[in-house]
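One structure is given here, and the rest of the page talks about it.
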Amino acid sequence: MIRIRTALLTCLLMAGGGVAQEAPAYQCVRAAEAPEIDGNGGDLAWTHAPELHLVDVEDLAGGQHSRPTTAKILWDEDNLYFLFTMADADVWSTYSNRDDQLYEEEVVEIFIDPDGDGLNYAEIEINPLNTIFDLLLSRPWADGGRGFAQWDPEFFSAIAIDGTLNDSSDADDGWRVEMALPWTALATELLDVMNGQSLPPQPGDRWRLNLYRFERIRADGAITAAEASAWSPVGVTDFHRPDRFGWLVFAAAATVVEPQDWARVKAGAPAR
C-alpha cells in the first residue's frame, strides 16, 4: 500500500540496464482434482504444479531474503488455487478483522489483473490468523487510483503453522496459506476487472499477476526489520505496479511443467 511517484520508479528500473527486465511467466496447470483447502498443501494435485520463488521486491537481479517464500498455482473450471509456503522463525499477527491493515504486519498478497491493462485489478491479502484484506483498485495509488473496499467476495482459505503463533519465546519453522478463489469473485459490478476476458479462462489465456510477502522480523516484541518479497520484482517497495506483474499462462493439462521464475529470466533462458 506504499505510494511512490511513477517517475522515481522508472528511473530505478532503467538504472544500469537502459530498460526494465522482462517479467517472469508461470505455466498454471489445470488440476484434475481440486485440492482440499486445509493449509497443508499435501494433495496430489499440488505435485503437478511447478514451484516459483519470491525474491527481494527491490532487487531486479532476483536476490533472496533470509526467510524465503515459495508458491504454487493451479486452476480448474471453478477456482484459481494458491499455495504459499513461508520460512519464518517467529510467526505472528494481531489483526483479526476483515479489511484490517494487514500489510502493516506479516502477510502474503495476491494481485490479479486479468486483461493486463494496469487498470481495474484485484488485491487479496491473508495473514497467519487467516484474516482477509481484499480490495479492487481502479488504477495504482501513485496514478490517482481509487480503492473499492466493499469488494468482499466469498472464497476459501486455510492456514497451517509449523510452530506456535504469537509466541516469540520459541523458534518456529514457518507457515502456509492455501486458497481457492472462485472465478465468480472476479465477475463483480464494482469494477470491470475482466474487461472481456473469459471466465473460466481458456487454455492459452494469459493474465497479469504478482505475488508478494511482507515478513516483519521482531526482537523483544518490537519490529526490527522488514523483508518485502515478490515473484516479479519491482525495483522499489511498491506492490501496486501492474506494469511489473508477471504472466500467468493457463495450461490445458495436469502435466508437470517448469515455470519461468525470476532465476530463469535473470539468466536469459527461454521459457519451456
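Here are the numbers for the structure shown:
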{"quantity": "Tyr121 being surrounded by 22 or more Cβ atoms within 10 Å (Cβ to Cβ), touching a strand residue (DSSP E or B) at 6+ places or on another chain (Cβ under 8 Å) and either more than 20 Å from Ile161 (Cα to Cα) or modelled with pLDDT of 95 or more (or both)", "calculated": "yes"}
{"quantity": "The lone exception for Trp151 - which of (1) buried (at least 17 other Cβ atoms within 10 Å of the Cβ); (2) out of contact with any helix residue (DSSP H, G or I) (no Cβ under 9 Å at 6 or more places or on another chain) it fails", "calculated": "(2)"}
{"quantity": "Close pairs (9 angstrom Cβ cut-off, 6 or more residues apart or separate chains): over 22 Å from Arg146 (Cα atoms) in segment 186-209, basic (Lys, Arg) and surrounded by 14 or more Cβ atoms within 10 Å (Cβ to Cβ) anywhere", "calculated": "Pro203/Arg30"}
{"quantity": "Residues (over 12 Å from the mean Cα position of the chain (by Cα) and of a type in the set (Gly, Ala, Ser)) located in segment 51-98", "calculated": "Ala61, Gly62, Gly63, Ser66, Ala87, Ala89, Ser93, Ser96"}
{"quantity": "Count of segment 137-146 residues which are surrounded by fewer than 21 Cβ atoms within 10 Å (Cβ to Cβ) and touching a Phe, Trp or Tyr at 6+ places or on another chain (Cβ under 8 Å)", "calculated": "1"}
{"quantity": "Neighbours by Cβ (under 6 Å, 6+ apart or cross-chain): first from segment 60-80, without any contact (Cβ under 8 Å) to a residue 40 or more places away in the chain and under 21 Å from Gln27 (Cβ atoms); second of a type outside the set (A, V, I, L, M, F, W, C) and buried (at least 16 other Cβ atoms within 10 Å of the Cβ)", "calculated": "Thr70/His53; Thr70/Thr85"}
{"quantity": "Residue among Gly116, Gly63, Gly42 that alone is buried (at least 16 other Cβ atoms within 10 Å of the Cβ) and more than 14 Å from Ala226 (Cβ to Cβ)", "calculated": "Gly116"}
{"quantity": "Any chance Pro233 is assigned to a loop (DSSP other than H, G, I, E, B) and under 20 Å from the mean Cα position of the chain (by Cα)", "calculated": "yes"}
{"quantity": "Flag for Ser198 being under 20 Å from Leu102 (Cβ atoms), surrounded by fewer than 17 Cβ atoms within 10 Å (Cβ to Cβ) and not acidic (Asp, Glu)", "calculated": "no"}
{"quantity": "Tabulated pairs, segment 34-57, first touching a residue at least 24 places away in the same chain (Cβ under 8 Å), second in a helix (DSSP H, G or I) and of a type outside the set (Gly, Ala, Ser), C-beta under 9 angstrom, 6+ apart or interchain", "calculated": "Pro35/Leu44; Pro35/Trp46; Leu52/Trp262; His53/Trp262; Leu54/Trp262; Val55/Trp262"}
{"quantity": "Whichever residue in segment 78-94 is surrounded by fewer than 21 Cβ atoms within 10 Å (Cβ to Cβ) and either touching a helix residue (DSSP H, G or I) at 6+ places or on another chain (Cβ under 6 Å) or β-branched (Val, Ile, Thr) (or both) and, among such residues, is nearest to Gln202 (Cα to Cα)", "calculated": "Thr85"}
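The values are calculated or read from the model by the stated rules, or taken from the named source; none is laboratory data. Predicted, not measured: the structure shown is a model, and the values here were computed from it. Heads up, the Cβs are rebuilt from the backbone with ideal geometry, glycines too, and the neighbour counts pull from every protein chain shown.
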